[in-house]
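*Asks:* Pasting a structure here, questions to come.
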Amino acid sequence: MGWGLKTFKCSFLIWSLFFIGLSYSENFDFEKAPKFKFVKEATLAPPILYYDYIIIGGGTCGCPLAATLSQGARVLVLERGGSPYTNPEKINIYNFVSALSDISPSAFAQQFISRDGVLNARARVLGGGSVLNAGFYSRASLRYIMESGWNETLAKIAYKWVEKKVAFKPTLLQWQAAVKDALLEVGVLPYNGFTLDHLYGTKIGATIFDKDGNRHTAADLLEYADPRRISVYVHATVHKILFRYNIERRRPQAYGVIFKDALGKMHKAYLGKRPKNEIIVSAGALGSPQILMLSGIGPASHLKAHGIKVVLDQPLVGKGMADNPMNVLVVPSPLPVEVSLIQTVGVTKFGSFIETASGLSIGHSWAERLQGIFEFVSNQSGKPSSVMYPPETKEESVGDTIRSLSNPILKGGVILEKIIGPRSTGHLELVTTNPNDNPSVTFNYFKDPEDLKKCVLGMKTIIDVINSKSFSKFRFKNMPVEALIDLMYHIPMNLRPKHASPTLSLEQYCIDTVLTIWHYHGGCQVGKVVDLNYRVLGVDALRVIDGSTFYRSPGTNPQATVMMLGRYMGEKILRKRYFPGKK
Ligand SMILES: Cc1cc2nc3c(=O)[nH]c(=O)nc-3n(C[C@H](O)[C@H](O)[C@H](O)COP(=O)(O)OP(=O)(O)OC[C@H]3O[C@@H](n4cnc5c(N)ncnc54)[C@H](O)[C@@H]3O)c2cc1C
């Protein structure tokens, strides 16, 4: 565990290279007033409640879905985490790392380690992943929208509805501009300027951080809700969905849920008598398959092994779990750099997305550690290693780099690549029957050779960017990329075996140093667990609507499409409820 924790922190170091983290911790105070009057502590909920729609998970998808449904029906949202409004500073741009690396039981991030040995996190807060994430906002491609069976016009309208509240145009600064120019120089063309659309070439995308660094999350979309028709309970963990057997339709039908408040008291929420009332699971890629299994929908043998009564033998629940691998290079800079989040993105034709961020405050202890690693890499003498450095490398450039790493406000940035898809998939299994515990997840990074090819091509593009003329002012002269690769090998970023060698291949680099970009998805995929309208196959009055239904991650980054989906499906469900015959 000791090493795991150390490694875990190291992996956050990579991200902390992006941001100035003020890193203070706040006490958990679950009775503080939330922003909306209809958001309340679950301890204040009555023992029995009745609603038209019960949404499990007030996350990135659950919030826009709930806000929309409340415009035509009575909606209950049950979110296991707290309110992001109790302390907005805690989630602003400067506290990205501290919020993400908080390991207290009340933290907004719940850490997990996949069976692949990659450190990861999932949300536990109203607003879900949008409260924790790096903020980049970009729509899915037209092809993705068509393949998902969504109406293009309605999807665009739903995106705009989201963007009115949470999407901002960033100001392009020097580092980001240099990477943009470098991407164009190395052929990631054309330049598409600032756009929310997913287009081949280089572009500037939007962010959910405003100009002052305040985060605008999916929870802000609750501003659209009708306060008379919505109740949101936080610290409300759903333990089970309740089913009865519908004799006429000869299948199980969901009719309620059991949830626990922060004081351990159980409550029951039931669907009212009106037809078309439903329970909607929006608990995310880990939470949705988990709660289906805990409620008796999943692979029968697995459920029985955990003593769970089988409602429906559904072997595909928990299958198709995928996480887009992320590989990075940290680039120390001789010039001061601005603090920047992801703004510039290169969308390549070979299926790799190049993103970047700069500016960091890693604190003295991390600066010393990084400096130590670099000195070690440089044979502990400031001299370049014969393996990694060409003979003409000047000693002073190594010394300059070491000095740049010794500053707690480190000058430099990160250039990363995420591959499209991915094609490699894994599975999720229960470990315990407690919904607060993490299930076990295997993503099988790079199992499909096509994924590895994309990673290698992406890494080659990053190397070309670093070696380009446009980027030259932000890198140390004569400091070869091999040294940067070597540096990455010495930061314990994950729990996987390392194979550093003089003849290191980029394939091996991708496999050994893989990180998550937190875009994991799957587990309740369309066509396998839910139909095209997100209804759970074989069961009545139950849908799953969130990132767990995806086959691949949408766009360069998923949150825009996850929020759009909440709005899109909310409108569709209301249309079908009130105008069933109308197209
Ligand atoms: C660190 C990080 C950085 C990221 N960076 C970006 C980025 O820059 N751009 C981008 O587009 N995307 C980014 N993402 C990905 C994006 O945020 C996620 O894909 C998205 O938030 C997933 O939304 P969701 O609705 O599927 O799940 P979530 O937002 O996770 O919502 C699920 C909710 O359900 C709740 N829940 C689960 N189980 C239960 C239960 N039993 N009872 C009650 N509630 C429950 C959870 O607490 C959670 O709030 C990032 C994610 C992370 C974690």
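No value in this document is a laboratory result; all are computed from the given coordinates. Bear in mind the structure is a predicted one, so any value in this text is a computation, not a measurement. Note that each Cβ is placed from the backbone with ideal geometry, even for glycine, and that neighbours are counted across all protein chains shown.
*Asks:* So, with +1 on the Cβ of K and R and -1 on the Cβ of D and E, and no other charges, what is the size of the charge dipole of the chain about its Cα centre, to the nearest 20 debye?
*Replies:* 2340
*Asks:* Over what distance in Å are the Cα centres of region 67-100 and region 213-258 separated?
*Replies:* If you average the Cα positions of each part, the centres end up 15 Å apart.
*Asks:* LYS90: which aspartates and glutamates have alpha carbons under 12 Å from its alpha carbon, excluding same-chain residues fewer than 8 sequence positions away?
*Replies:* Straight-distance partners of LYS90: GLU26, ASP102.
*Asks:* When you take every Cα atom in the chain, what is the radius of gyration, and what is Dmax, the widest Cα pair distance, in Å?
*Replies:* Spelled out, the Cα radius of gyration and Dmax of the chain are 23.9, 81 Å.
*Asks:* Ok, one more. Return the FRET efficiency for the residue pair ASN467, GLU507: r is the Cβ-Cβ distance, R0 is 22 Å, and the value is rounded to the nearest 0.05.
*Replies:* 0.65
*Asks:* Just check region 62-147 against the gyration tensor rule for me: Cα atoms, a ≥ b ≥ c as the square roots of the eigenvalues, rounded for a/c under 1.5, and otherwise prolate or oblate depending on whether a/b exceeds b/c.
*Replies:* Verdict is oblate for region 62-147.
*Asks:* Quick one: of LYS240/LYS260; LYS454/LYS528; LYS40/LYS576; LYS165/LYS582, which pairs are farther than 19 Å apart, Cα to Cα?
*Replies:* Result: LYS454/LYS528; LYS40/LYS576; LYS165/LYS582 exceed 19 Å.
*Asks:* Among PRO227, ALA140, GLY566, whose Cα sits farthest toward the positive end of the charge dipole of the chain (+1 at Cβ of Lys/Arg, -1 at Cβ of Asp/Glu, about the Cα centre)?
*Replies:* PRO227
*Asks:* Of all DSSP beta bridges in the chain, what percent run antiparallel (nearest 5)?
*Replies:* Counting only bridges with both partners in the chain, antiparallel ones make up about 65 percent.
*Asks:* Taking loop as defined by DSSP and a crowding limit of 11 other beta carbons within 10 Å, which trypsin sites (Lys or Arg not before Pro) in region 453-488 fit?
*Replies:* Within region 453-488, the qualifying trypsin sites (Lys or Arg not before Pro) (loop, at most 11 other Cβ atoms within 10 Å) are LYS469, LYS477.
*Asks:* Hey, another quick one. Neighbour counts of other C-beta atoms within 10 Å: give me ILE55, ILE354, ILE279 arranged from fewest to most.
*Replies:* Arranged by neighbour count, lowest to highest, ILE55, ILE354, ILE279 become ILE354, ILE279, ILE55.
*Asks:* On a 25 Å Cα-Cα criterion, which of the cross-link pairs LYS304/LYS572; LYS156/LYS572; LYS35/LYS418 come out too long?
*Replies:* LYS304/LYS572; LYS35/LYS418
*Asks:* In which sequence would LEU183, LEU537, LEU430 go, from the one with the fewest C-beta neighbours within 10 Å to the one with the most?
*Replies:* So the ranking, lowest neighbour count to highest, is LEU537, LEU430, LEU183.
*Asks:* Rank the residues LEU515, LEU263 as a footprinting-exposure proxy: fewest other Cβ atoms within 10 Å of their Cβ go first.
*Replies:* Final ranking by Cβ density, sparse to dense: LEU263, LEU515.
*Asks:* Any idea how far apart LYS160 and TYR191 come out in nm if each label point goes 7 Å out from Cα toward Cβ?
*Replies:* Placing both labels 7 Å beyond Cα along the Cβ direction yields 2.9 nm.
*Asks:* Alpha carbons only, please: Rg and Dmax for region 116-179, in angstrom.
*Replies:* 15.8, 42
*Asks:* Sticking with this one: Please work out the Cα convex hull volume for region 432-530 and give it in Å³ per residue.
*Replies:* In region 432-530, the Cα convex hull volume per residue is 174 Å³.
*Asks:* On a 0 to 90 degree scale, rounded to 10, what angle separates helix 152-166 from the longest Cα axis of the chain?
*Replies:* Its long axis makes an angle of about 70 degrees.
*Asks:* Right, here's the next one. Quick one: which residues, 5 or more positions from GLY256 or on another chain, have an amide H under 5 Å from its amide H? H modelled 1.01 Å from N in the peptide plane, none for Pro or chain starts.
*Replies:* The answer is LEU242, LEU271.
*Asks:* Would you grab the residues whose amide H sits under 5 Å from the one on LYS35? Only those 5+ places off in sequence or on another chain, please, with H modelled 1.01 Å from N.
*Replies:* Residues meeting the criterion, in which the H sits 1.01 Å from N, are TYR85.
*Asks:* Ratio of alpha-carbon Rg to the 2.2 N^0.38 Å globular estimate for region 237-331, to two decimals, please.
*Replies:* Rg over 2.2 N^0.38 Å, computed on Cα atoms: 1.36.
*Asks:* Let me ask something else about it. Based on the alpha-carbon gyration tensor of region 152-240 and its eigenvalue square roots a ≥ b ≥ c, which shape applies: rounded if a/c is under 1.5, prolate if not and a/b is larger than b/c, or oblate?
*Replies:* prolate
*Asks:* A follow-up question, please. Scan region 187-277 for trypsin sites (Lys or Arg not before Pro) in coil per DSSP, keeping those whose Cβ has at most 10 other Cβ atoms within 10 Å, and list them by number.
*Replies:* Taking region 187-277 and a limit of 10 other Cβ atoms within 10 Å, the loop trypsin sites (Lys or Arg not before Pro) found are LYS211, ARG228, ARG249, ARG250, LYS273.
*Asks:* Convex hull over the alpha-carbon atoms of region 88-202: what's its volume per residue in Å³?
*Replies:* 182
*Asks:* Helix 2-16 versus the longest principal axis of the chain: what is the Cα-based angle in degrees, 0 to 90, to the nearest 10?
*Replies:* Here the helix axis deviates by roughly 80 degrees.
*Asks:* Between ASP531 and PHE350, what FRET efficiency follows from the Cβ-Cβ distance if R0 is 30 Å, with the result rounded to 0.05?
*Replies:* 0.35
*Asks:* Students often forget the sequence filter, so: which lysines lie under 17 Å Cα-Cα from LYS469 once same-chain residues fewer than 8 apart are removed?
*Replies:* The qualifying lysines are LYS180, LYS460, LYS477.
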